[in-house]
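These notes are about the structure you will find just below.
The values are calculated or read from the model by the stated rules, or taken from the named source; none is laboratory data. What you see is a predicted model; the values in this text were computed from it and never measured. Reconstructed Cβ throughout: ideal geometry from the backbone, glycine too, with neighbour counts over all protein chains shown. The area values use the complete protein model at the heavy-atom level, side chains included, leaving out ligands, DNA and RNA. Shrake-Rupley method; radii C 1.70, N 1.55, O 1.52, S 1.80 Å.
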Amino acid sequence: MSDREGGEKSGNVADSGLTLPAPVDGEAALIVALKWLREPLWPKGHGSAALRVLGTPDATDNLVTRMRAAGLKDWSESIQASMCGVAEPLGANRSVQWLFAQTALELAQTADHPQLFELTGDLQSLSEDTAVALADALCVRLGAPSDDHPLPQTLEARMQSVYSSHFYDRLRQYAEKKPEEPLNTRDLWPGRAEWPMREHWIYRVIGTLWPVRYLQVLAGYPAPFQHAAANILAPLEIRVVVALIAASPPVFSEEGAPFGPTVIFGILEEFEEELIRKAVANAEAPKPDLDNVLDVLFARAEGAWIARAWLQQTIWRGARRRAGRSNIEMDAWGALSDALLYELSRRTFPRGVNLWDWVQAEEALWQVDRVLAEVSVVHAHGDPQGAAEILASAVAKGLVSATGRADGLVTSTTEAKIVGRVLAEIPDPAAWFEELWRATYEAREHLSFQVHRNLDNPACPALAWGLHGLNVSVGGGSDAVKFWRRLADALFETQLTDPNADLPNGAIPSICRVAIQLGAALTEGRVLGIADIGNFLANQLEPDIEHAVLWRIVRSAASDATAIEVGRFVGAPEVRQALQAALADDATRKWNTVFDQDGRADLLDFAARL
């Protein structure tokens, strides 16, 4: 079991050695054990952790004989019986378990053993104490230690040894590949491939009791190493988070350029995880803890820049999607994401005239996250019209790529929430879209030529965000009708002019599906006429699986009677023929089928009844 796993080990806390009461003659046995383990050579035996700590059972000198020589007959017999399996298993003997735990604690406190980490690791496994339990017990024992305590220096030496070891050569070379290049946004935050770390307990102790020194030492290492040193501190108490944020060396310059220290971002990510754990376990609201952390964050000179980076990360990450997360965890992540979005936005001031320089300093794929961050800030400061103008300007300037806009169409995403809130509060979302569509005319016309097919089409973000505007004004009567018609015309125009429009993994197919979904809902509500959605579907008529998907959406968003009426308007023979051909092709696929058997049967029945 790794130290990280050991830090999160589940089980009955009462079974750990540190929580057991001292047995008879426990202090005397502890003195013998410490003397035994401090004498060379260690390990005392070879094989299991017990043999390395206690020595070989049949040796003339082992911990059993030392206990007997000290007059501790009961301890000698207890250890002997456990080693030989005569009585209880070694870990089940509570007296021996207590001895292992206290020995580990004493050795960790003095930090004077040449094989400190290997030995404490063995003792932890035998006492069944987690690294977190050992660290927390050591913090209590040390209280307010002096700066000349040997533990911080021990960790510094250990960090350097780990970083310089042959095992990490490739990771170290990767981290130091281009040290002259400035850090980008993704460098600031922990990624998937971070530095494997052990010795959880000492990192936790130094980070808790000597936060300034801990962070100063880490600042000299590459970002992945710093992130790992933040990750290994978990689970973090809020008071420790506050202390570490306050103690961090400067993270950004006055102009917002990142320096070397990035551990604070790993701490913020672990803080989020702690809030989720508390919310799931106790149904606690995250706001009081979040307020405490934000207060100390904004008290820093560059706190606004850190907050902007956190806001951008919250938008980029969106709702946490991870295999194995329960619904209650996903709900907690959604609530935390909303809270971060609101609190960070309202506490941060708009960039103003320097906005576009800041956006364009980001890598192209992630510029949209900075745009949305600024939009959220401006909206939080009571200016939805100004926020809508930023959205439109960013698209017109080519700062919002088509990549990711399909995912952003899901109404639960952070992007959808930001854009929807803004467009819901402006007087005329349809006019906003019309002006944006005109502003992107030249770029869209370029795309009608094959030579420009690699250009990013501004129609994709314009249409995606326009659909968000329609969605938040769906009950708007004639205005909604005009808006949907304009979006449908713009979408069909894009399908005709963009040579990449029919790419199955592109943004346009997803945008078309959402347009059909909203159109079918408006038609079912008798806001939109049968001819409106019927004409649009007629323009999409093809004997392929994507067209079958559009009809499935119609049947989902509208009643059976309405769907039948729309199908007959498009043309019963044509729709029937297209659906039958598409579904027959889908049925012959071996692994990438779109419809299951029931789904195909439902659409075939629908086609037969047209």
Leaving out ligands, DNA and RNA but keeping every protein chain, what accessible area does residue 460 have, in Å² rounded to the nearest 10, with a 1.4 Å probe? 10
Spherically averaged projected area in nm², based on the convex hull that wraps the Cα atoms of the range 213-277: 4.4
Once the whole set of protein chains is in place, how much accessible area is left on residue 393, using a 1.4 Å probe, in Å² to the nearest 10? 40
Could you work out how far the C-alpha centroid of the range 409-465 sits from that of the range 526-541, in angstrom? 22
Compactness relative to 2.2 N^0.38 Å, alpha carbon Rg of the range 102-183: 1.39
Farthest towards the positive end of the dipole of the chain, among 553, 205, 523 and with Cβ unit charges of +1 on Lys and Arg and -1 on Asp and Glu, lies the Cα of 553
Show 586, 602 ordered by accessible area, largest first, where the area counts protein heavy atoms only and the probe is 1.4 Å. 602, 586
Please report, in debye to the nearest 20, how large the charge dipole of the range 458-610 is about its Cα centre when each Lys and Arg carries +1 at its beta carbon and each Asp and Glu carries -1 there. 220
Can you pull the accessible area of residue 35 for me, 1.4 Å probe, Å² to the nearest 10? 130
Karplus (6.51, -1.76, 1.60) ³J(HN,Hα), θ = phi - 60°, over the range 133-150, in Hz, Gly and Pro reported as x: 5, 5, 5, 5, 5, 5, 4, 5, 5, 6, x, 10, x, 7, 6, 8, 4, x
Specify whether the C-alpha gyration tensor of the range 368-513 places it in the rounded, prolate or oblate class, a ≥ b ≥ c being the square roots of the eigenvalues: rounded for a/c under 1.5, otherwise prolate if a/b is larger than b/c and oblate if not. prolate
Within straight cross-link reach of residue 278, meaning Cα distance under 30 Å, which lysines are found once same-chain residues fewer than 8 apart are removed? 9, 287, 417
Which cross-chain or sequence-distant (5 or more) residues have an amide H under 5 Å from the amide H of residue 252, H modelled 1.01 Å from N in plane? 259
State the Kirkwood hydrodynamic radius of the range 276-317 in Å, one decimal place, computed from all pairs of distinct Cα atoms. 11.6
How high is the FRET efficiency from residue 69 to residue 296, r the C-beta distance, R0 51 Å, rounded to 0.05? 0.40
Compare the Cα positions of 578, 597, 564 along the charge dipole of the range 559-604 (+1 at Cβ of Lys, Arg; -1 at Cβ of Asp, Glu; about the Cα centre) and return the one farthest towards the positive end. 578
Quick calc, the chain, dipole around Cα centre from Cβ unit charges on Lys, Arg (+) and Asp, Glu (-), nearest 20 debye, gives 420
³J(HN,Hα) computed for each position of the range 287-296 - Karplus, 6.51 cos²θ - 1.76 cosθ + 1.60, integer Hz, glycine/proline x: 4, x, 5, 5, 4, 4, 5, 5, 4, 6
Restricting attention to the alpha-carbon atoms of the range 232-371, what are Rg (one decimal) and Dmax (integer), both in Å? 15.3, 45
Percent relative contact order of the range 349-487, based on C-alpha pairs within less than 8 angstrom and at least six residues apart? 24
Roughly speaking, what % of Cα-Cα pairs in the range 547-605 are separated by over 14 Å, rounded to a whole number? 54
Full-extension gain between residue 482 and residue 442, please, as 0.36 nm times their residue separation minus the C-alpha to C-alpha distance. 12.0 nm
Angle in degrees between helix 545-557 and the longest Cα principal axis of the chain, rounded to the nearest 10: 90
Multiply the residue separation of residue 412 and residue 327 by 0.36 nm, subtract the distance between their alpha-carbon atoms, and state the gained length in nm to one decimal. 29.2 nm
CD proxy, 222 nm, the chain: helix-only mean residue ellipticity via -39,500 (n - 2.57) per DSSP H run with n ≥ 4, per residue, nearest 500, stands at -20000 deg cm²/dmol
Report Rg (one decimal) and Dmax (nearest whole number) for the range 470-567, counting Cα atoms only, units Å. 12.8, 36
How much accessible area per residue does the chain have, in Å², with a 1.4 Å probe? 46
Compute, for the range 57-148, the length of the dipole vector about the Cα centre, with Cβ point charges of +1 (Lys, Arg) and -1 (Asp, Glu) only. Units Debye, rounded to 20. 340
356, 305, 333, ranked by accessible area, largest first (probe 1.4 Å): 356, 305, 333
Count neighbours as other Cβ atoms within 10 Å of each site's Cβ, and list the trypsin sites (Lys or Arg not before Pro) in the range 497-552 that are DSSP loop with at most 13 such neighbours. 526
Within the range 244-402, what whole-number % of the accessible surface is contributed by carbon and sulfur, with the 1.4 Å probe and all protein chains included in the calculation? 53
Across the chain, what fraction of all alpha-carbon pairs, as a whole percent, falls in each successive 10 Å bin from zero upward? 3, 14, 19, 18, 15, 12, 9, 6, 3, 0, 0
Carbon and sulfur %, accessible surface of the range 454-551 computed with the full protein complex present, 1.4 Å: 50
Can you give me the relative contact order of the chain as a percent, contacts being Cα pairs under 8 Å and 6 or more apart? 7
